[in-house]
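In what follows, a single structure is set out as structure tokens and then discussed.
The values are calculated or read from the model by the stated rules, or taken from the named source; none is laboratory data. If you're wondering where the values come from, they're calculated on a predicted model, not measured in any experiment. Counting neighbours? That spans all protein chains shown, and the Cβs are built from the backbone with ideal geometry, glycine included. Keep in mind that these areas ignore ligands, DNA and RNA; they rest on the heavy atoms of the full protein, side chains included. Shrake-Rupley method; radii C 1.70, N 1.55, O 1.52, S 1.80 Å.
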Amino acid sequence: MQKIIEIKNLSVGYGRKVVVSNINQQILRGQFIALIGPNGSGKTTILKTLSRLISPLAGSVYIDGKELINLSSNEIAKKMATVLTERPNPGLLKGYEFVSLGRYPYTDLFGRLSKEDKDKIYEALRLVHAEHLSNRYFGELSDGERQKLILARAIAQDPDVIFLDEPTLHLDLKSKMEILNILYMLSRKKGITIVSSIHDIDIALKISDTVWLIKDGRILDAGPPEKIIDEKRINELYGLKEVCFNSILCNIELRLSENGSGRPIFVIAGAGKGAPIYRAHIKRGYRIITGIVHENDIDYQIAKTLGLEIISEKPFSRIKEESIKKAIDYINKADFVIDSGFPIGSENMGNLMLIKYAIKAKKKLFSLRKKEELLKYMDNADGIIFEKVDLFDQNC
Amino acid sequence: MKIRQISLFLAFFIAFLFLLTLNISLGSVSIPFKKVWEIVFFHETTSTSGSIIWQIRLPRILFASISGIYLSISGLLLQVFFRNPIVGPYVLGISSGATLMVALVMLAGIGINISLVCPFLLSVSAFVGALLVMLILVLLSSKVKSIETLLIIGLMMGYLCYAVTSILVVFAQKEKVKGFFLWQMGSFSGITWKEFSIVSFLGIAIFIGLFFLKKPLNAFLLGEEYAKTMGVNIKAFRILIITISSALSGIVTAFSGPVAFIGLAIPHMARLSFGTSDNGILIPASAIIGADVIMLCDFFARNLFSPIELPISAITAIFGAPIVIGLLLKKRMII
């Protein structure tokens with residue numbers, strides 16, 4: 001890919017206050033770059049400097065080989081468009097008129113729109129699927145519809161690069177997905193470079209070609225998210241003590257402050273059957289011990305991200321005696337045991353031993369499977385509380 | 001432009017012609033409509049009616065309508081510039097500057113000898129006052145970061161001028177204070193063709209500048225930062241807006257004293273009736289509505305308690321404020 005922006009020794013900030021310094025990066029044509037980092041780390045400041053809203057404190061930015069500060073405002077406006085977090089309030093403008101403002105750098109002294117300008121406006125409206133909004137007042141639209149028009153205005157500017165500051169802020173799931181899809185399409189199909197700060201790190205990692213991790217006044221690291229992001233990196237970036245991000249699942253779990261301080265319970269899990277039980281019970285303050293799960297099991301990944309105590313087994317191996325013994329120790333201490341209804345196969349047969357033990361030890365045992373299924377594997381299922389009881393019901 | 005907007009323009013223009021005739025026709029001496037047109041078309045100046053129309057009523061009403069146009073456009077520019085719907089042409093202290101200078105002349109008697117040489121002493125001093133305030137603002141405009149700061153500076157200038165003026169009032173002679181107070185309320189009485197030609201001549205120059213403002217003004221609807229990313233030269237734009245809006249309101253104030261309310265309210269009436277914030281339409285729309293409204297107000301100012309004439313600001317406020325409140329209750333206040 002062709003290089004479009006080069007940043008050399010750039011320091012950004014306001015007045016004398018340096019916010020991020022020593023930035024050395026290259027941006028390629030059609031690349032999708034996500035800026036992630038904690039609040040106040042300087043993402044907005046970087047974006048504003050790159051779009052020349054504020055001047056750099058040191059260093060330089062080159063676009064197509066020319067230094068940014070040497071270009072006229074009009075030349076810059078033809079090369080790059082910006083979408084700020086501050087939502088504009090243009091009064092009584094209709095969708096079409098709003099988007100037409102993006103043609104500013106191309107129109108004549110009186111702002112008259114040529115045939116080409118009009119075509120570009122309609123194309124921009126089409127690209128964001130907002131043709132139906134062209135005759136409606138901007139003020140009457142929902143946040144999601146407005147954001148589409150804001151994006152269309154930037155597209156109408158016909159830029160090579162679009163800078164965006166939190167483009168999905170305050171949007172519902174559907175609008176968020178639409179906006180992200182439009183951005184993705186712009187970078188892939190139109191070859192427009194997208195540089196955007198995104199607060200949802202899971203989304204940022206999934207959509208971007210390159211992420212810039214910004215913290216403590218510098219760029220911590222930059223590169224493809226698949227290469228540079230792991231749990232440690234995310235914890236370092238946001239200053240977290242505990243893992244709550246899972247780089248395999250690209251998933252964030254909520255670490256509640258009271259996790260693990262309540263009564264202990266034991267969840268026999270596997271193949272994702274444990275995950276909803278973990279989440280339902282962690283909210284109610286239980287201390288959850290789970291097992292015996294293989295390290296390649298989805299329940300293992302979720303339990304790890306939730307920070308549970310796990311009795312685990314190496315991938316694709318049979319459950320060992322000592323793991324069963326360890327689990328039994330925990331079962332003895334637990335208030336009650338939950339059989340999550342995990343599928344039973346040759347490798348996790350050992351988990352049946354745990355159910356049998358719980359029956360024998362007269363532990364309070366809930367099971368999320370049918371009685372008949374369990375009776376295939378064991379002689380009696382006395383004392384087990386079956387599906388009748390809704391474990392996810394608050395009153396339980 | 002849509003059919004609705006074209007018909008609105010037409011309607012306001014017909015209203016303009018009607019109000020013009022009405023104002024020329026009625027007064028302490030009534031002249032029938034038909035005769036009015038005869039006198040105007042054939043430039044008949046010899047009869048009593050002819051001289052009343054050509055020497056008193058026509059210059060006065062034309063001046064009034066031009067004042068309405070200037071004040072409305074001045075208000076429109078500042079509302080968009082400050083992105084604030086309650087801003088008017090006098091918000092930057094323009095009228096306070098003019099008032100202070102007039103107070104210096106009328107109350108403190110400074111430069112009273114010049115009046116023998118210059119018949120427009122009051123007007124000149126008012127214009128100088130407006131110009132001084134404008135110059136300070138232009139100088140500061142490129143220094144301050146945000147537009148809000150500029151707005152506050154304007155307000156503070158207003159307070160400062162007002163403070164000095166009030167001190168002058170305290171030490172002034174009683175008779176002079178009444179004259180000064182009436183000047184402050186604004187009036188179009190005594191306007192002749194001379195004043196009219198000065199105002200329209202200066203206005204033409206300013207209107208040329210206005211043509212180049214429509215485009216950046218629309219970009220400014222999105223706020224200063226967006227305007228900047230679209231290629232608007234912010235520094236030049238700030239200077240141009242302050243200069244044009246101050247000059248427009250300064251000229252009017254110089255000859256008629258401050259006229260309240262028009263500059264604040266007319267842009268809203270234009271926006272709501274034409275249903276757009278596009279300044280390409282709002283500039284002519286505010287102009288024609290401003291002319292209509294101010295003519296109507298002057299009509300009442302002259303005729304309500306004839307032969308006593310009311311100050312124009314009193315009428316503009318009494319008529320306009322309720323209309324604006326009504327309009328705004330229906331729709332939100334918008335720029």
Some residue of the range A:69-78 being surrounded by 15 or more Cβ atoms within 10 Å (Cβ to Cβ), touching a residue at least 40 places away in the same chain (Cβ under 8 Å) and under 13 Å from A:Ile5 (Cβ atoms): no
Among (1) in contact with a helix residue (DSSP H, G or I) (Cβ under 8 Å, 6 or more places away or on another chain); (2) at pLDDT below 85; (3) under 25 Å from B:Ala314 (Cα atoms) - the single one B:Cys118 does not satisfy: (3)
Near pairs, Cβ below 6 angstrom, 6+ apart or cross-chain, from the range A:102-117 (within 11 Å of chain B (Cβ to nearest Cβ)) to any residue that is open to solvent by less than 50 Å² (accessible area, probe 1.4 Å) and assigned to a loop (DSSP other than H, G, I, E, B): A:Gly102/A:Gln157; A:Tyr104/B:Met230; A:Tyr104/B:Gly231; A:Pro105/B:Gly231
Top-ranked residue in the range B:168-180 [being surrounded by 12 or more Cβ atoms within 10 Å (Cβ to Cβ) and out of contact with any Phe, Trp or Tyr (no Cβ under 8 Å at 6 or more places or on another chain); ranked as farthest from the other protein chains (Cβ to nearest Cβ)]: B:Lys176
Matching strands (runs of 3 or more DSSP E) fully within the range A:22-89 where at least 3 residues are more than 9 Å from chain B (Cβ to nearest Cβ) and either touching a Lys or Arg at 6+ places or on another chain (Cβ under 6 Å) or of a type outside the set (Phe, Trp, Tyr) (or both): A:32-36, A:58-63
Elements of type helices (runs of 4 or more DSSP H) in the range A:208-299, at least 2 residues being open to solvent by less than 10 Å² (accessible area, probe 1.4 Å): A:231-238, A:274-283
Scan of the range B:245-273 for residues that are open to solvent by 10 Å² or more (accessible area, probe 1.4 Å) and away from chain A (no Cβ under 14 Å), ordered by number: B:Ala247, B:Phe255, B:Pro258, B:Ala260, B:Phe261, B:Leu264
Index of the failed condition, B:Leu58 passing every other in (1) touching a residue at least 60 places away in the same chain (Cβ under 8 Å); (2) surrounded by 14 or more Cβ atoms within 10 Å (Cβ to Cβ); (3) not hydroxyl-bearing (Ser, Thr, Tyr): (1)
Wholly enclosed strands (runs of 3 or more DSSP E) of the range A:304-375 bearing at least 2 residues open to solvent by less than 20 Å² (accessible area, probe 1.4 Å) and under 20 Å from A:Tyr286 (Cβ atoms): A:337-339, A:365-367
Test: residue in the range A:5-22 that is closer than 19 Å to A:Leu186 by Cβ, under 24 Å from the mean Cα position of the chain (by Cα) and open to solvent by less than 10 Å² (accessible area, probe 1.4 Å): no
Boolean, A:Leu92 is over 17 Å from A:Ala77 (Cα atoms), hydrophobic (A, V, I, L, M, F, W, C) and over 33 Å from the mean Cα position of the chain (by Cα): yes
